[in-house]
Structures are given as structure tokens and as C-alpha cells.
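The values are calculated or read from the model by the stated rules, or taken from the named source; none is laboratory data. None of these values were measured; they are calculated from a predicted model. Cβ coordinates were reconstructed from backbone atoms using ideal geometry, including for glycine residues, and neighbour counts include every protein chain displayed. These area figures cover heavy atoms from the full protein model, side chains too; ligands, DNA and RNA do not enter into them. Shrake-Rupley method; radii C 1.70, N 1.55, O 1.52, S 1.80 Å.
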Amino acid sequence: MTLSKDVEVEQPTAGIGSVSLYPSTKDMEYTGSGSSLEQMDGGVFQLVEPPRRSTGRLIMHSMVMFGREFCYAVEAAFVTPVLLSVGLPRSLYSFVWLISPILGFVLQPVVGSASDHCHSRWGRRRPYILALGILMVLGMTLYLNGDTVISAIFKDSGGVEKRIWAIVITMLGVVAFDFAADFIDGPIKAYLFDVCSHQDKERGLHYHALLTGLGGALGYLTGAIDWGSTILGRLMGSEFQVMYFFAASCFMVLLVVHFFSIPEVPLVEDDKSESKPLMAHNGLGAYGSIDKAQNRSLKMADPKLTSLPHIDDDEEEDTKVQKRMTLKSLIRALLTMPSHYRYLCISHLIGWTAFLSNMLFFTDYMGQIVYHGNPYAPHNSTAYLIYERGVEVGCWGMCINAISSSLYSYLQKALLPYIGLKGLYFVGYLLFGLGTGFIGLFPNVYSTLVLCSLFGVMSSTLYTVPFNLISEYHREEEQESRLKGMKAEHRGKGIDCAALTSMVQLAQIIVGGGLGFLVILAGSVVVVVISASTVSLIGCCFVAFFVRYVE
């Protein structure tokens, strides 16, 4: 590639050998902020691997997943009691749980695409993670403290008005929390992919799964303590306020740790001087100019110089279209994505549908089927107390699931060289399908608790393998672009991660809208675990025959 002499760029002092397509460390300076050339949107420059990250940095980056899952566990333990305490009618339960996934499914790809083109000086992903983190804390504040605040405000008002406002505030809190907690996963994964080398992406995903499981386990254990009778409970007013204090404090501290883990390269121009994006590069020279060409631009010394020899008007128009991407163009991009991305999204949808079918109704299954309790009996009756005992044991099963997920995420590292991503994907679906099937056929307390460990295998698989495959696909595309001397595709990692995680919301919609109807038809909660087993075993076949794995 030949550049005009007016362009402020240094020529390389050494040639590039025919064997190596990447610059040496002498040709390139990594700044103290850990700049990643992988964040440039095109050309050979995009293929430069970011520097290797230390284990400590990767763990710091994963800490936010610990805090997020801790808050999720608190929600699972306390949202139902909170909704019951404010008097929410049964007819509105499904409405509360469906609002968030519907919003998430529609808007998550939009947020992912927007983060791909974010020009904040703080980076592409972190502004979105911060905004969603604040919304998570706000949601927790509303649903765990809303009733107390409304009681203080309407101290002298009538009971009906107070009850209505308490229901509204609590519902808003639940929806806001679910919306933000589901959304935040996509930008976090895209952030990891942006700033890490291929090997570090795999390590980072395993740490994400490990700390996700540990956060859930600690959250369930903390929720199992009767804080109302402790000193903290008496000081703060109720166990709801105690859990809010622990969850919000834990999440905010770990969110700050996450932000300071691995800095991003901002995709903005340092000044308003005329610049052009590095959209294409047909040669392997000018690597010495990398530090002059940061943030996707070359500064022009001559204002009359308006283009580079290898940049055409179509490429400039593509860049403009991306910056103003609308919902319509985004949906078109999702529908026209390569088939292997689409099949991966479908497999992710099948997996989460099976997993959520079991997890959302598991404690109810324990109370009704395993312990033979009755949730509709009078609250002072033996049948209802037995049901409550079953729910408590079900919470311990969820804790076993979380611990198992953490342990298996570590075991995945050892298994990966032997069975590969295909084996890990298939085994996760298979074990979950068999485990839930045996729980449905043989409802015994001890065998059910033991089989809860297989739930953790599935959750760890869903948190790691699909995102590893996304990373493999992007790496393959970059290598093909390098070999063909072409620029990389415009589709970013953010939109692909968002499309994948939006399948979680779609699964929630399917489960929330369909399983209740199945339970009514069957007249028993057993249909829940049988359905989860069936869907998971179907997923085994799908991941074996339709999902593509990079050799």
C-alpha cells in the first residue's frame, strides 16, 4: 500500500517476512491502557491479537458475573414473597414475568449493535454496562424497598391507594431488574472478546462461569438465613432490607472492579481534524505507523487530502449506514446472518428453554410432587407447611446446582482437549436431559438433590460453549479475510453476542407463556420436568448434527 507523503505516518524500519502476517513487538507499542487493535473495524490491522492478559486481570473482569448472579439468587429467593406481601393478584404474575423478556428480545440486539459503534472515550462496552448496572440496582431498590417507602409516604392514606402504589412500584422494580440483568450479559461478553486474545477469551469465559456459579451459591445461602431475627434485621427493619444491602453493595463493588480490569481502546478521534477510517489494506507494510493510526483513523496533514488510494465511496457509505443503524436494518442483518450463526442461536434457544422450564418451577415441583404438599391449602395447615418445607429443600437443590456449575466450569478446561467444544456441548444437553427425566420418573428427595448437580453442568455449558463458538467463528472469518487480502466483515462481536443472549429472553417468553398452559392441561407439575428433559434431548440431536464446529 502506498500512502501520500502528506499523511503523517512513519514507514516501517524492517520488512515483513512472508511467513509472519502479524507485526512483531518491535513494530508495535502497546500502551499502558492495554490498547487492542482488534477493535479496529477492518483490514489486516483487525487481525493483530491483543496482548495476553494475566489471570488476575481475567478474574477481575469476571467479578461482575459473581455480583450479577448473587443479585439473581436474591431475586429468586425473595421476589415471590415480596409480590405476595404487597397483594399482587395471581392474574398478574405471568404479566410481570413476560414484560422483561419481551423487551429484552426486541431491544437487546439493538443495544448490541449500538455498542459496536459507540464512540465514548471510555470505550464501547463499559458505558452500556454502567447504565445497565445502575438500572439493576434501581430495580432491586424498588422491589425490595418499595413497600417500605410507600408505607412511609401513605402513612395516613387509605389502604387501597397504598396497596395499588406498592404493587406498581414492586412490579416496576422486578421488570427493571430483570431487563437490566438479562441485558448486561451481552456487553460483558463482547467486552471480553474485544480486549483479549483467542486463548484468553476461552480462559475468561471459564472464569465467568466459575464466578457465576459461586455468586449464585452464595446468594442462595445468604437468602436461606433468617435475617429477621438477627441484629441486622432489627436495625434495618426487615430481612428484605438486609438482603438489599448485601446484594447492592456486593454488585456495585464488583462492578467497579470489572471496569478497572482491562481498559478498552476508545473508538473516537482525538480531535476534529479531518480523518478517514482504515477500511482496507492490501499490503503488509506501514506497521510502524500503528501508534499514529490509533482509534481507526489516520490524521491528515493536508486538509485537501480527502481519501486514501484503497478507500472507496461504497466503503465510506457502509460506515455511515452502520453508525445510523435502525431497528429495521438490524432485523435484516439478523435474518441474513450466516447459517452457522443462526443454528447456534437456535441451539441456544433450545438449551435455555429446557433449562428454564426446569429451574423456574423446580421449587414448586419439590413442594408438590416430592414432598406431597399443597400450596393452596390454608397457611396454618399441615399440607401447606409440608409444601413450604419442600420449597426450602428445593432452594438447597438450587444451591447444589450453582456449586456444581462452578466446579464443572473448571473441569471443562481439562475436558476440552479430549472431547472438544462439540463434546462439551453434547454432554451438557445429554446429562441435563437424563437428569431431569429421572427426577420426573422417580420423585425421591435424596436422588433429586443428587441429580441437581447435573443442572450445573447444563448452566455452565450454556454460559461458555456458545460464546466460545462465537469467538471461533470470528477468528475463522478474520483468518479467511487475511488470506484473501480482504477487509473483515462489518458485523461486530456485540451484535452477535446480543443475538445469542436474546435467545434467553425468547426462551423465557416460550416458558412463561406455554408451561403454565401445559400444567393446567396435565393437572400436575410433573409435566414441567418431563418437558425439560424432552427439549434437552432434542437439543442433543441439534447440537450434534446442525451446529458447526471450527476444526
Please indicate, with yes or no, whether at least one residue in segment 217-232 is without any contact (Cβ under 8 Å) to a residue 12 or more places away in the chain and of a type in the set (S, T, N, Q).
yes
Every residue from segment 149-203 that is part of a helix (DSSP H, G or I) and of a type in the set (Phe, Trp, Tyr)
Trp165, Phe177, Phe179, Phe183, Tyr191, Phe193
Do we find a residue being of a type in the set (A, V, I, L, M, F, W, C), modelled with pLDDT under 85 and within 31 Å of the chain's Cα centre (by Cα) anywhere in segment 337-355?
yes
Within segment 493-500, identify whether any single residue is assigned to a helix (DSSP H, G or I) and modelled with pLDDT of 80 or more, and answer yes or no.
yes
Is there any pair with a first residue in segment 408-421 that is aliphatic (A, V, I, L, M) and a second that is open to solvent by less than 60 Å² (accessible area, probe 1.4 Å) whose Cβ atoms are under 6 Å apart and which are 6 or more apart or on different chains, and what are they?
Leu421/Val465; Leu421/Asn468; Leu421/Tyr549
For segment 388-430, how many residues meet the condition of being within 19 Å of Tyr549 (Cβ to Cβ), among the hydrophobic types (A, V, I, L, M, F, W, C) and open to solvent by 60 Å² or more (accessible area, probe 1.4 Å)?
2
Sort out which residues of segment 109-125 are of a type in the set (S, T, N, Q) and outside any loop (DSSP other than H, G, I, E, B), and write them in order of number.
Ser113, Ser115
Of the listed residues (Arg163, Arg90, Arg121), the one being over 26 Å from the mean Cα position of the chain (by Cα) and at pLDDT 75 or above is Arg163
With the requirement that a residue be open to solvent by less than 40 Å² (accessible area, probe 1.4 Å) and over 16 Å from Gln505 (Cβ atoms), what does segment 166-187 give you?
Ala166, Ile167, Ile169, Thr170, Met171, Gly173
Selection over segment 202-237 where residues are out of contact with any Phe, Trp or Tyr (no Cβ under 9 Å at 6 or more places or on another chain), closer than 17 Å to Ile59 by Cα and modelled with pLDDT of 85 or more yields a count of 2
Is one or more of the residues making up segment 362-369 at pLDDT 75 or above, polar (S, T, N, Q) and part of a helix (DSSP H, G or I)?
yes
Test: residue in segment 252-270 that is outside any loop (DSSP other than H, G, I, E, B), within 25 Å of Cys118 (Cα to Cα) and at pLDDT below 80:
no
Pro127: passes all of (1) touching a residue at least 24 places away in the same chain (Cβ under 8 Å); (2) within 20 Å of Phe193 (Cβ to Cβ) but (1)
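Report, by residue number, each residue of segment 370-383 that is assigned to a helix (DSSP H, G or I) and more than 19 Å from Asn444 (Cα to Cα).
Within segment 370-383, just Thr382 meets the criteria.
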Looking at Arg163 and the list (1) within 14 Å of Arg68 (Cβ to Cβ); (2) surrounded by fewer than 22 Cβ atoms within 10 Å (Cβ to Cβ), which single condition is not satisfied?
(1)
